[in-house]
1. Using a Gaussian network model of the chain whose springs link C-alpha atoms within less than 10 Å, name the residue from Y372, Y102, Y310 with the highest mean-square fluctuation.
2. Given the rule -39500 (n - 2.57) for each run of at least 4 DSSP H residues, summed and divided by the residues of the chain, what is its mean residue ellipticity at 222 nm, to the nearest 500 deg cm²/dmol?
3. Which order do the peptides 72-80, 111-119 come out in when sorted by mean C-beta neighbours inside 10 angstrom, highest first?
4. Can you list which of the GluC sites (Glu not before Pro) found in the stretch 58-89 are DSSP loop residues with at most 10 other C-beta atoms within 10 Å?
5. Does the stretch 49-195 come out rounded, prolate or oblate by the C-alpha gyration tensor, with a ≥ b ≥ c the root eigenvalues, rounded set by a/c under 1.5 and, if not, prolate when a/b is larger than b/c and oblate if not?
6. Evaluate E = 1/(1 + (r/R0)^6) for L218 and L43, where r is the Cβ-Cβ distance and R0 equals 22 Å; express this FRET efficiency to the nearest 0.05.
7. Which residue fluctuates most in the GNM of the chain (Cα springs below 10 Å): R168, R240, R337?
8. Normalised by the residues of the chain, what does the relative contact order come to in percent, with Cα pairs under 8 Å and at least six apart?
Amino acid sequence: MTVHKTQVAIIGSGPAGLMLGHLLRQAGIDAIIIERQNEAHVLSRIRAGVLETVTTDILERLDLAGRMHAEGLPHGGVKLADGERLIRIDIEGLTGRTVMVYGQTEVTRDLIDAAPGRGLEIIWEVEDVGLHDIEGDAPSVTYTRDGVEHRIEARFVAGCDGFHGVSRPTIPAAVARPHEKVYPFGWLGILADVPPCNEELIYANHANGFALASQRSLTRSRYYIQVPLTEKLEDWPDDRLWDELALRLGPDAAAHITRGPALEKSIAPLRSFVFEPMRHGSLFLVGDAAHIVPPTGAKGLNLAASDVAYLSQALIAFFAENDHDAVAGYSDKALARVWKAERFSWSLTMLMHRFPDDGPFERRMQVAELDYIASSEAAQMEIAENYVGLPL
Ligand code: RFL
Ligand code: PHB
């Protein structure tokens, strides 16, 4: 058994674990990240595309925002398509702020590349991860790597290991309060090296189901359509998917769609999930390990960033000033913001998708709400301030 000693053991090298590790190292706190996958696998996952200020601020604070500013695209608006009509939400005009279109893959790459130079150790391809003594103040994490057993002895453990990780299940059922809603469809996504069909993102509600036109750069597009969970990728050759996108996004957008071969295609289920509490003893849950939102509001990665902002602040106060209150307050503080993002993501999902069990009344409610949004600055403001991101 090889023993490592650190202050914070971080499980998972997704955006949550990487941002937390860097912020702790910047404050002179020791941290080690262990990750189940290899580096190439983590960097090949195509996920979120829209960053709120809470996320870009962390990259700025770490002095790792250079490539984001050079290659990312600030967006001052977003569009909702309702049949023939495009409703523009003027995010910048209404809130004075913008969002940044810069892929999660790029954020992850910038954080991983900078790790060795900043003394942040990432141990890849670990197996059989186990958490021990999380209820006391000397927790440990065990794992095996290349057949060798290891133990990390730490003061705290940060569970940044995503929805399917091992951290959350170690919290005893007697204190666990999970809340879940599963939606009866998924999103089929396609990434292609073609120019986007619009300078802004378009969220469309069409009789065949939801569609989203997003982008990664001026030459790379990301599109999604709502599909039943029974659908298989083989059922969606590129041509069928492009035809369906053109139909659902409406004639204006369709006229500007450039088709191209898929670099990546995948189906993801939609779910809302919140696990309370986000701290148990010396274990913190961070990001997807604690909560999942349907991607409609582009909130998943940004919620991981706000958790990290709260937790890094609490841990820095703990190690500098022995401040136990900040650590004790992490769960309530993070959950207050999480629930608001859950509400927004759920409400935009309900507004923009077609639900198999909905009748004419539910459809008229969607039409009325879209009509109201089109005609009311107050309604547009509600979307704009949530989409751009609520304050910390
Ligand atoms: P991540 O990114 O899932 O990272 C968790 C990391 O933990 C590792 N891990 C373990 N490591 C060690 N030991 C174990 N036992 C481990 N078990 C797991 C995993 O390999 C992984 O590297 O969580 P994190 O850091 O909290 O970041 C959250 C974001 O990744 C997530 O909220 C978003 O990507 C959600 N999401 C999307 N959000 C958006 O805003 N827009 C999107 O378009 C969007 N698309 C997506 C998504 C999430 C997806 N998932 C999780 C399947 C598409 C997909 C497919
Ligand atoms: C994406 O570009 O992947 C993306 C953008 C906005 C969303 C979801 C996904 O709401």
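Laboratory data are not the source of any read-out in this text; all were calculated from the coordinates shown. Quick caveat, the model's predicted, so the values are computed rather than measured. Cβ: placed from backbone, ideal geometry, glycine included. Neighbour counts: every protein chain shown.
1. Fluctuation is largest for Y372.
2. Numbers: 12 runs with 144 residues, N = 392.
Computed mean residue ellipticity for the chain: -11500 deg cm²/dmol.
3. Details: 72-80: 19.1, 111-119: 14.6.
Those peptides, ordered most packed to least, come out 72-80, 111-119.
4. Details: sites: E60, E71, E84; in loops: E84.
Answer in residue order: E84.
5. Numbers: a/c = 2.26, a/b = 1.63, b/c = 1.38.
Prolate is the answer for the stretch 49-195, as a/c is 1.5 or above and a/b outweighs b/c.
6. Details: r = 22 Å, r/R0 = 1.00.
So the FRET efficiency works out to roughly 0.50.
7. Looking only at R168, R240, R337, the biggest GNM fluctuation is shown by R240.
8. Numbers: 798 pairs, mean separation 81.2, N = 392.
RCO, the chain: 21 percent.
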